[in-house]
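The values are calculated or read from the model by the stated rules, or taken from the named source; none is laboratory data. Keep in mind that what you see is a predicted model, and the values were worked out from it rather than measured. Neighbour counts are summed over all protein chains in view; Cβ atoms, including those assigned to glycine, are modelled from backbone coordinates with ideal geometry.
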Amino acid sequence: MNTNPHDRNRPTRPTARGQHFHAFVRLAMVLALAGVAVPVHGQEKKPQGGRVGYGDFVRQAELSGQAPAEPAAAGRGNAATPRVITPAQASGGLDDVALLTGRPAYQPSAGAQPSEPAVFVDSLVGQINGRPVFAQEFLRPLDARLRAEAARSATRQAWIRTAGPIIRNALLEQIREELLLAEARAALTPEERQGLIRFFTDLRKNLASSYFGSEQFADQRLFEQEGLTLEEKARDERDRALLRTLVQRYISPRVNVSWRDVKKDYERRIRDFVPAPSAVVRVVWVPAGDAAARAKISEQIAGGVAFKTIAESELNQFLRSEGGLVRQSFDGPLSEATIVGVPELNKAIQGLSVGQVAGPIETQGRAAWVMLEAIEQKPGRSLADAQIDVFARLRDRRFAEETNRFFERIRERGTKTDESKMLEQLIVIATERYWVPAQRGGGTPAPAVPGPSGGAPRP
């Protein structure tokens, strides 16, 4: 049973939330795993094929609460108001059709008669489970990104390389969401289907009550704030509830994380929680044949001059500007660590305690001295401190895995137009809408869909 008479043939569309499927389902997961009660007790009828009827061409007027005008005889009324014709009539004379997609930007007055010459038509690019996918509705949430890419793309090929993946990802997300929602509806009991109707009705009332009980005012304000009409907002909330139900029944029971799993993951990623210590070493070296420099450095070390001071002096030929500083992290005991790449110096460092100096060490034609200045250990997190984060990470990963498995199981049962064909059409339409105008002397793409009241267009 439909909760709304227009739902059966309403277009599938990216929502104003950006149509990010994973974020949408993640919210459902969080609520489900938290034990939130789901007040959903209903289902819409399964769509019957992909047939597009008259209602599809006037769907925006219907969703806004306006009664769609009936097809009128030619020549009736005045020329200031659009003439509404049937899809069959429109298909017979497309050359005469003015293309303007989305919600009509007019408010018919009482007694107004439909007349010539405009018809509101959108490009149908395919269907998902019998629900039509209209290009205008699909591209609407991507409008800003596609406009920006069109302005940056000098060639058609460059445009397709950047816009293509954007459109493809949005399409795949929409397919996933629609198929999962269809599965959620199909799994509802008759009692739940009846409850879903009440749930949807209550949603509309509650949303309207937040705006002084006026559905018209709520429609306008929601559109300004979120890019959604009241009807769309209520449907989105209903769909969230349906997904929560799906998660609770089929996915959450398969997401199990044990204490052993948490411990193993913590140990495997120990360096994410307990950083490795770092050896802070200072190195001084001079040419092996420079007897004066060697004697001077040995004298200063014996006299108690700070090794850092010696390392910063003109005597030092190694990283003088940095005071001969080397900082290197290591695992295991220092006696087995590799701190520097010169074997003779590294061996000397391995045997030092903090504050000790070794040298002179003869290596590679140089006389060198090394000091272990410090062993730095950044604070870490114990298993007891990190266990909640480790558990959440494992749970989220396994939830994503189980969601993907579940989706693959239901994918074959769903019906849809070939993805590659839909993508090809959407790219062609997007190119004509965004890239072509941008290449014509800075022209602007086709106007955005007007708001629910017929006022300012969507940005």
When you scan the stretch 410-459, how many residues do you find that are over 22 Å from residue 165 (Cα atoms) and at pLDDT 85 or above? 0
Counting just the residues of the stretch 305-323 that are part of a helix (DSSP H, G or I) and not polar (S, T, N, Q), which one comes out nearest to the chain's Cα centre (by Cα)? 322
Where in the stretch 340-436 are the helices (runs of 4 or more DSSP H), entirely inside, with at least 3 residues that are within 25 Å of the chain's Cα centre (by Cα) and surrounded by 19 or more Cβ atoms within 10 Å (Cβ to Cβ)? 383-411, 419-430
Result of the Cβ filter at 8 Å on the stretch 160-184, keeping first residues that are free of Cβ contacts under 8 Å to residues at least 60 places away in the same chain and partners that are among the small types (Gly, Ala, Ser), at least 6 apart or interchain, is 162/153
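For residue 337, state whether it is surrounded by 14 or more Cβ atoms within 10 Å (Cβ to Cβ) and under 23 Å from residue 375 (Cβ atoms).
Numbers: surrounded by 14 or more Cβ atoms within 10 Å (Cβ to Cβ): yes; under 23 Å from residue 375 (Cβ atoms): yes.
Spelling it out, residue 337 is indeed surrounded by 14 or more Cβ atoms within 10 Å (Cβ to Cβ) and under 23 Å from residue 375 (Cβ atoms).
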Which residue out of 304, 332, 289 is closer than 30 Å to residue 394 by Cβ, loosely packed, with under 12 Cβ neighbours inside 10 Å and modelled with pLDDT under 95? 332
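Looking for whichever is of a type in the set (S, T, N, Q), buried (at least 18 other Cβ atoms within 10 Å of the Cβ), in contact with a Gly (Cβ under 8 Å, 6 or more places away or on another chain) and not assigned by TED's automatic domain parsing to the domain that holds residue 406 here; the options are 248, 220, 194, 216. Which one fits?
On the way: 248 fails: in contact with a Gly (Cβ under 8 Å, 6 or more places away or on another chain); 194 fails: buried (at least 18 other Cβ atoms within 10 Å of the Cβ); 216 fails: buried (at least 18 other Cβ atoms within 10 Å of the Cβ).
One residue alone meets the criteria, 220.
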